[in-house]
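Working notes, beginning with the structure itself.
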Amino acid sequence: IIKDGKILFVKNALTYTVNKSEWDTIIDIKGKQVYPGFIAANSTIGLTEIDAVRATNDFREVGYINPHVRSLIAYNTDSKVLYTIRTNGILVCQPTPRGGLISGTSSVMAMDGWNWEDAVYKADDGIHINWPSKYRNTGWWAEPGEIKSNPNYKKTVELLVTFFYRAKAYNAESKTENKDLKMEAMKNVFDGNQRVYFHVSFAPEMNDVIDFSRSFKLNYPVIIGGYDAHLLADRLIENKFTVMLENPHHLPHFEGDFPAINYELPFKLQQAGLLFCIQNSGSMEVMNTRNLPFIAGTAMAYGLTEEQAIATISLNAAKIIGIDNRIGSLEKGKDATLFISDGNALDMRTNNVILAFVMGNRIDLTNHQKQLSAKYHAKYGKK
C-alpha cells in the first residue's frame with residue numbers, strides 16, 4: 001500500500017483482504033515481482049550525455065584537490081540517458097565527480113524530477129579521493145610490460161595528509177574571518193557526518209588507506225574498487241570500512257589470476273561478512289548502467305542467493321551511502337521508490353519493468369529507444 005509517497009504497509013495478500021472502498025487505485029500485479037528501486041552508486045549519470053562530445057561532459061573540474069566541487073548542482077534531470085536506464089529498474093543514482101586527487105563531493109539523486117532540487121535524496125553525501133597507486137603497469141594490453149613502482153607515491157600521499165591536517169585545523173577554529181571553500185567543504189568530514197570514499201583496488205594501497213582513516217578517525221570510510229578487499233576483509237571490518245565493489249564484468253587485473261575471479265568476488269565478500277555493494281564505473285559506464293541488474297545476476301550465478309544479489313544494488317548500497325532509512329527495501333515507512341517486473345529483474349531474458357514509482361510518483365517508462373523500436377516494428381508490420 002502506497003500513501004503520500006510512502007509505503008504504508010506490506011502484507012501477505014493470502015491472509016489480508018483489501019477493503020477496496022478505502023483506496024482510490026488498486027493495481028492487480030498477480031504473478032509479477034516487486035523490487036525496491038535499484039541504486040547506481042559511484043556513477044557519472046546525469047553529469048554526462050555523450051562520451052565523445054566534450055561539451056556534454058560535466059563530471060571533471062580543473063585542479064587537483066577539489067572537495068568543494070559539488071555534483072549536486074550539475075545533475076541534469078532532462079538527460080535522455082536516464083530514461084533508458086530506469087527502464088531496467090535503476091531508479092536512484094549517486095552522481096560522482098572524477099579526476100584529480102580529491103575529485104569533489106557526490107550526492108544521491110532520484111531519476112525523476114523537474115530539476116536537481118526535486119531529485120535530491122541526499123545532498124553532499126561524501127568526498128571522493130583517488131588514492132595513488134604504488135605500482136604501475138608498463139606496455140599496453142596486447143604487449144604488457146613489467147610492473148614498476150610509482151616514484152611519486154609517497155609524495156602524493158604526503159600531499160593528501162598535509163591537506164587533511166590543514167583542513168582539520170581550519171575547521172577546529174571557532175571563528176574564521178577569511179573563508180576557504182576547500183576547507184569549508186571538509187567540515188562535515190571532521191564533524192563525523194560525511195563519508196570519505198577512497199578509490200583504491202589493491203592490498204598495499206588499501207592497507208595505507210586503513211592507516212590514513214585511523215589517523216584521522218574517519219567515521220564512514222568507504223573503499224571503491226576493492227579488487228583485493230577479500231584479502232583484507234577482517235581488517236576492513238575492524239576499521240568500519242564498507243566496499244563498493246568494482247564492476248565484476250571486467251577482466252582480471254593480473255595475468256595469473258583465475259579468469260572468473262571478478263565473478264566470485266561478491267560471494268567472497270559475503271562469506272567474509274563485509275558490507276558491500278556493486279557499482280559499474282569504468283569504460284562507457286553511463287550507457288552500461290542499464291546492465292547493473294545483470295551484473296548482480298552474475299554474482300548470483302557465482303554463489304550469492306537471489307536476495308543477497310538484489311541487496312548488492314539496493315539495500316546494501318543504501319546502507320553504505322547512508323539512505324537506508326528511506327530506500328533500499330520494501331518496508332513500512334520507507335519511500336515508495338520501487339518497480340514491478342514481469343519476471344526476475346536480474347536476468348536479461350526476464351527483466352521486463354512494467355510499472356515504477358519514485359517517491360510515490362508513477363514514472364513514464366518510455367524512452368527514445370522504445371519509441372524507435374515501436375516505429376520500425378509498425379513500419380514493417382512486426383509485433
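The values are calculated or read from the model by the stated rules, or taken from the named source; none is laboratory data. Note that the coordinates shown come from a computational prediction; the quantities given were computed from them, not determined experimentally. Here the Cβ is made from the backbone with ideal geometry for all residues, glycine too, and neighbour counts use every protein chain on show. With ligands, DNA and RNA removed, areas are computed over all heavy atoms of the protein, side chains included. Shrake-Rupley method; radii C 1.70, N 1.55, O 1.52, S 1.80 Å.
The residue that is farthest from the chain's Cα centre (by Cα), among those in segment 325-341 that are polar (S, T, N, Q) and open to solvent by less than 60 Å² (accessible area, probe 1.4 Å), is 341.
Take residue 340 and decide whether it is in contact (Cβ under 8 Å) with a residue 40 or more places away in the chain, within 17 Å of residue 39 (Cβ to Cβ) and in contact with a strand residue (DSSP E or B) (Cβ under 8 Å, 6 or more places away or on another chain). No; evaluated as a whole, the condition is false for this residue. Identify, please: which residue in segment 85-120 is within 17 Å of the chain's Cα centre (by Cα) and among the hydroxyl-bearing types (Ser, Thr, Tyr) and is, among those, farthest from residue 344 (Cα to Cα)? Within segment 85-120, the match that is farthest from residue 344 (Cα to Cα) is 103. Within the bounds of segment 85-108, is there any residue that is more than 22 Å from residue 167 (Cα to Cα) and of a type in the set (Lys, Arg)? Checking segment 85-108: at least one residue is more than 22 Å from residue 167 (Cα to Cα) and of a type in the set (Lys, Arg).
Checked against (1) assigned to a strand (DSSP E or B); (2) open to solvent by 40 Å² or more (accessible area, probe 1.4 Å); (3) among the polar types (S, T, N, Q), residue 162 passes all but condition (1). Each residue in segment 32-46 was checked for being open to solvent by less than 70 Å² (accessible area, probe 1.4 Å) and assigned to a loop (DSSP other than H, G, I, E, B), and 3 of them qualify. Screening residue 344 on (1) open to solvent by 10 Å² or more (accessible area, probe 1.4 Å); (2) assigned to a helix (DSSP H, G or I) shows it passes everything except condition (2). Residue count for segment 177-201 under the criterion of being out of contact with any helix residue (DSSP H, G or I) (no Cβ under 7 Å at 6 or more places or on another chain) and surrounded by fewer than 20 Cβ atoms within 10 Å (Cβ to Cβ): the result is 11.
Only one of these is assigned to a helix (DSSP H, G or I), under 19 Å from residue 297 (Cα atoms) and touching a residue at least 24 places away in the same chain (Cβ under 8 Å): 269, 236. Name it. None of the other options fit; the residue is 269. Restricting 181, 159 to residues that are among the aliphatic types (A, V, I, L, M) and in contact with a strand residue (DSSP E or B) (Cβ under 9 Å, 6 or more places away or on another chain) narrows the list to 159. Just checking, does segment 53-72 include any residue being of a type outside the set (Lys, Arg), assigned to a loop (DSSP other than H, G, I, E, B) and more than 29 Å from residue 200 (Cβ to Cβ)? Yes, segment 53-72 contains at least one residue that is of a type outside the set (Lys, Arg), assigned to a loop (DSSP other than H, G, I, E, B) and more than 29 Å from residue 200 (Cβ to Cβ). Being part of a strand (DSSP E or B) and of a type in the set (Gly, Ala, Ser) is the filter here; which residues of segment 140-155 pass it? 145, 149 - these are the residues of segment 140-155 that are part of a strand (DSSP E or B) and of a type in the set (Gly, Ala, Ser).
Kindly provide the set of residues from segment 50-83 that are modelled with pLDDT of 90 or more, open to solvent by 10 Å² or more (accessible area, probe 1.4 Å) and over 24 Å from residue 127 (Cβ atoms), ordered by number. Correct list: 78, 80, 81, 83.
Of the residues 265, 269, 236, the single one that is open to solvent by less than 10 Å² (accessible area, probe 1.4 Å), within 19 Å of residue 128 (Cβ to Cβ), in contact with a strand residue (DSSP E or B) (Cβ under 9 Å, 6 or more places away or on another chain) and modelled with pLDDT of 95 or more is 236. Just one of the listed residues (221, 248) is open to solvent by less than 70 Å² (accessible area, probe 1.4 Å) and touching a Leu at 6+ places or on another chain (Cβ under 7 Å), and it is 248. Of all residues in segment 195-221, those that are among the acidic types (Asp, Glu) have Cβ atoms under 6 Å from Cβ atoms of residues that are buried (at least 22 other Cβ atoms within 10 Å of the Cβ), 6 or more apart or on another chain, in 205/131.
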